[in-house]
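What follows is a single structure, written as structure tokens, with notes after it.
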Amino acid sequence: SQELEQSPQSLIVQEGKNLTINCTSSKTLYGLYWYKQKYGEGLIFLMMLQKGGEEKSHEKITAKLDEKKQQSSLHITASQPSHAGIYLCGAHGDTGTASKLTFGTGTRLQVTL
Amino acid sequence: KAGVTQTPRYLIKTRGQQVTLSCSPISGHRSVSWYQQTPGQGLQFLFEYFSETQRNKGNFPGRFSGRQFSNSRSEMNVSTLELGDSALYLCASSINRGYEQYFGPGTRLTVT
């Protein structure tokens, strides 16, 4: 079965600083999702990547899937308190299991003033 | 468009009881997936429904079941509740299988 490892597990950054969260898979990624979760709440969809080398951006968040499709990174530029939360990467296998997501353990981000 | 809605938001049950959770997907979305989130095990896939048929199932006992109706709304049922079933149950919908999944706010189940 596919396993996703996220690093770091937690992160405390000062407002305005940049940061990167990594997600490494034990198998080839056919689809990689990034979500944000506030404690005890639902997941907010950020981005989905499918092609090796693909990069997507939304506001100050950029995500990239490496060429070999086994690692993804999420980069936040000029962090703000609103970026605080738990970031989760999720992935699915091949076509038959495209809706069955496996998730990493999450990265808890705190942004200090 | 309204997002994914889940009812109830909070639930307290006693061991041995059964519970039914409901999920209404985003309008036009045909695929519904269910996940369980606990501090120890993280976020785990329960099952996926599409066109009223279960398409994928996670590694959970038969006490966990679900169904999908013709309007794509879905319910999941847990019978003979155990303390370990206490968790946040999340429902996600997508326009079709393999497309991005949008999550609801979850139902927090506490089993005492």
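Report whether or not A:Ile21 is closer than 21 Å to A:Glu55 by Cβ, outside any loop (DSSP other than H, G, I, E, B), within 11 Å of another protein chain (Cβ to nearest Cβ) and within 12 Å of the chain's Cα centre (by Cα). Show your work before the answer.
Working: closer than 21 Å to A:Glu55 by Cβ: yes; outside any loop (DSSP other than H, G, I, E, B): yes; within 11 Å of another protein chain (Cβ to nearest Cβ): no; within 12 Å of the chain's Cα centre (by Cα): yes.
No.
Selection over the stretch A:56-68 of residues that are of a type outside the set (Lys, Arg) and outside any loop (DSSP other than H, G, I, E, B) gives a count of 6. With respect to the conditions (1) touching a residue at least 24 places away in the same chain (Cβ under 8 Å); (2) at the interface with chain A (Cβ under 10 Å from one of its Cβ atoms), B:Phe60 falls short on a single one, namely (2).
Look at the stretch A:2-21 and say how many of its residues are more than 10 Å from A:Gly106 (Cα to Cα) and surrounded by fewer than 16 Cβ atoms within 10 Å (Cβ to Cβ). Show your work before the answer.
Here is the first cut: in the stretch A:2-21, the ones more than 10 Å from A:Gly106 (Cα to Cα) are A:2-3, A:11-20.
If we keep only those that are surrounded by fewer than 16 Cβ atoms within 10 Å (Cβ to Cβ) as well, we get A:3, A:12, A:14-18, A:20.
Adding up the residues that qualify gives 8.
Output the residues belonging to the stretch B:64-112 that are within 23 Å of A:Phe103 (Cα to Cα), in contact (Cβ under 8 Å) with a residue 12 or more places away in the chain and of a type in the set (D, E, K, R). Once the filter is applied, which keeps residues that are within 23 Å of A:Phe103 (Cα to Cα), in contact (Cβ under 8 Å) with a residue 12 or more places away in the chain and of a type in the set (D, E, K, R), the stretch B:64-112 yields B:Glu75, B:Asp85, B:Arg97, B:Arg108. Tell me which residues, restricted to the stretch B:1-35, are among the polar types (S, T, N, Q), within 14 Å of another protein chain (Cβ to nearest Cβ) and touching an Asp or Glu at 6+ places or on another chain (Cβ under 8 Å). Across the stretch B:1-35, the qualifying residues are B:Ser31, B:Ser33. I'm trying to understand the selection: among the residues of the stretch A:69-113, which are away from every other protein chain (no Cβ under 14 Å) and in a loop (DSSP other than H, G, I, E, B)? A:Lys69, A:Gln70, A:Thr77, A:Ala78, A:Ser79, A:Gln80, A:Ala84, A:Leu113 - these are the residues of the stretch A:69-113 that are away from every other protein chain (no Cβ under 14 Å) and in a loop (DSSP other than H, G, I, E, B).
Read the figures in this text as sums done on the coordinates, not as results from a lab. Because the structure is predicted, anything quoted here is derived from the model rather than measured. Because the Cβ atoms are built from the backbone with ideal geometry, glycine has one as well, and the counts that use them run over all protein chains shown.
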